[in-house]
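Data first, discussion second: the structure below is written as structure tokens.
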Amino acid sequence: MYRSMFPRDIFAELDRLQREVQQAFEPEPNIRGFGRGGFPALNVGSTPQAVEVYAFVPGLAPDKIEVNLERGVLTIAGERTTDLPPREAKATVHINERFTGRFRRVVSLPDDIDPDGVSAEYRDGVLHISLKRQEAAQPRRIAIQ
């Protein structure tokens, strides 16, 4: 009996297809965490002083990532190119699980973000975006006289 070197599990493929279709109809994530999936993977958290966004973009150069903030919406976009051999090389690719192509993630932010208090840092494949809250929105203790 002939056995393939790379067996295909039809149920795993159907499961993957179902997840991709579900993700296509999910709303964009916001600070409350609605939506899941997509590239890059995101972690979003907040403190009384700031909103912290971590985007996991391994293998990308920082100059290939575009970060924009407009009207309370943070957009992370860019493009990941392929490392596979060109088609002219007639190489056979057995597994290709790495995302390639253009990407765009959008996060709705609270109204109290200070547009002048935004910083971004890229290190070891992780893009960290810190968005400070406006001073007027900061919690403060009021002294009673």
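The values are calculated or read from the model by the stated rules, or taken from the named source; none is laboratory data. These numbers come from a predicted model, not from an experiment. Please note: Cβ atoms are built from the backbone with ideal geometry, for glycine as well, and neighbour counts cover all protein chains shown. Please note that ligands, DNA and RNA were not included when accessible areas were found on the heavy atoms of the full protein model with its side chains. Shrake-Rupley method; radii C 1.70, N 1.55, O 1.52, S 1.80 Å.
When the stretch 120-133 is examined, which residues are found to be open to solvent by 20 Å² or more (accessible area, probe 1.4 Å) and assigned to a loop (DSSP other than H, G, I, E, B)?
Just the residues of the stretch 120-133 that are open to solvent by 20 Å² or more (accessible area, probe 1.4 Å), to begin with: 120-124, 126, 128, 132-133.
Across the stretch 120-133, the qualifying residue is only Asp124.
All but one of (1) under 15 Å from the mean Cα position of the chain (by Cα); (2) open to solvent by 70 Å² or more (accessible area, probe 1.4 Å) hold for Ala136; which doesn't?
(1)
Mind checking which pairs have a first residue in the stretch 76-93 that is under 30 Å from Ser119 (Cα atoms) and surrounded by 12 or more Cβ atoms within 10 Å (Cβ to Cβ) and a second that is of a type in the set (S, T, N, Q) and modelled with pLDDT under 75, Cβ under 9 Å, 6 or more apart or different chains?
Matching pairs, first to second residue: Thr82/Asn96.
Please identify the pairs in which a residue from the stretch 114-125 that is over 13 Å from Asn68 (Cα atoms) has its Cβ atom under 6 Å from the Cβ atom of a residue that is modelled with pLDDT of 90 or more and surrounded by fewer than 14 Cβ atoms within 10 Å (Cβ to Cβ), counting only partners at least 6 apart or on another chain.
Qualifying pairs under 6 Å: Tyr122/Pro62.
Restricting the search to the stretch 37-61, which residues are within 16 Å of Ser130 (Cα to Cα) and touching a residue at least 40 places away in the same chain (Cβ under 8 Å)?
Going residue by residue through the stretch 37-61, those that are within 16 Å of Ser130 (Cα to Cα) are 42-56.
Across the stretch 37-61, the qualifying residues are Leu42, Val44, Ser46, Pro48, Gln49, Ala50, Val51, Glu52, Val53, Tyr54, Ala55, Phe56.
Those residues that are surrounded by 14 or more Cβ atoms within 10 Å (Cβ to Cβ) and either aromatic (Phe, Trp, Tyr) or modelled with pLDDT of 90 or more (or both), I need them from the stretch 58-67; list them, please.
First pass over the stretch 58-67, keeping only residues surrounded by 14 or more Cβ atoms within 10 Å (Cβ to Cβ): 60, 65, 67.
Across the stretch 58-67, the qualifying residues are Ile65, Val67.
Would you be able to say whether some residue in the stretch 97-119 is of a type outside the set (Ser, Thr, Tyr), open to solvent by 100 Å² or more (accessible area, probe 1.4 Å) and closer than 13 Å to Pro40 by Cα? First the steps, then the outcome.
Restricting attention to the stretch 97-119, the residues satisfying the condition of being of a type outside the set (Ser, Thr, Tyr) are 97-99, 101-107, 109-118.
Within this subset, residues satisfying the condition of being open to solvent by 100 Å² or more (accessible area, probe 1.4 Å) are 97, 102, 104, 111, 116.
Of the ones still in play, those that are also closer than 13 Å to Pro40 by Cα are 102, 104.
Yes: one or more hits.
Sort through Ser119, Ser108 and tell me the only one that's modelled with pLDDT of 85 or more, more than 24 Å from Glu20 (Cβ to Cβ) and polar (S, T, N, Q). Let's see the steps before the verdict.
Values: Ser108 fails: more than 24 Å from Glu20 (Cβ to Cβ).
Going through Ser119, Ser108 in turn, the sole match is Ser119.
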